[in-house]
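Comments concern the structure below.
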Amino acid sequence: MRRSLLALFVISCGGTPKAPAPAQPPVAPPNAPAVAKMASFTANGYTLTGAEYWPYVGTADIDYPAEVLWGFYPEKGVVPEGETDPNPGSARPEAIACAEKAFAALQAFIASDPPVLKKIVAAGEKTGTVVPRFYLWTNDYGRAASPFPPGMREARLWWWARKQPAPPKPPGYWKWESVLTQSGECVIPHQPQIDEYLAEMWAKVPQ
């Protein structure tokens, strides 16, 4: 009687129990953010024109412009777009990753269309002193001494003005400057500094 009941139970459950399926590897969520490839772009009237990397080594300050790397993904011996000389070296992967983080933050900043920035640019364009053009700047201290005797640069947003006018070149660029520290921390421009700097610059722009 017990055997008959067991057979009936197995048949009603679909036959002999199967072994558990092997575990599947985790799958990334379909909406997981992907790192966007850096490139020039235009949005809300602003243009990101290019990028530069400053690779510090040891205790010496950078030899500008000879040691600066130009382009979003600098490679040794390759002439970057808009330049005439080949890069003296390649940007380290860690520096590129930091630049990509800063690039994403800059996209978000421009997408927010800050009112103060818009007013500064509008006033500056009337006098030919400020334009809506950005440049991505990454300082790489990964191979620099710690502490770094010349002093480390700050992650910040600021306006670089050309010392001598050189039309048709722009009068300057908004620099979106980031820092990769000796410990590998990537520091990008932060809102308090951005707000303070824009307020100071607005107060100086001829109205």
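What follows draws every value from the coordinates through simple rules; no lab data is involved. Bear in mind that the values here come from a model prediction, so they are computed numbers and not experimental data. Every residue, glycine among them, receives a Cβ derived from its backbone with ideal geometry; neighbour counts consider all protein chains shown.
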Which of K118/K169; K76/K118; K76/K169; K76/K119; K76/K101; K37/K76 exceed 31 Å between C-alpha atoms? The answer is K76/K118; K76/K119
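Loop-only GluC sites (Glu not before Pro) in the range 139-202, please: DSSP not H, G, I, E or B, and at most 14 other Cβ atoms within 10 Å.
Counting only loop positions with at most 14 other Cβ atoms within 10 Å, the GluC sites (Glu not before Pro) in the range 139-202 are E154, E185.
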Per Stokes-Einstein, at 25 °C and 0.890 mPa s, what whole-number D in µm² s⁻¹ belongs to the range 40-204, with the Kirkwood radius over Cα pairs as the hydrodynamic radius?
-> 148 µm²/s
Candidate lysines - alpha carbon under 18 Å from K163, same-chain residues fewer than 8 apart omitted | K175, K204
Could you please rank L180, L198, placing first whichever residue has the fewest other Cβ atoms within 10 Å of its Cβ?
-> L198, L180
In debye to the nearest 20, how big a dipole does the range 55-207 give about its Cα centre with +1 on each Lys and Arg Cβ and -1 on each Asp and Glu Cβ?
-> 500 debye
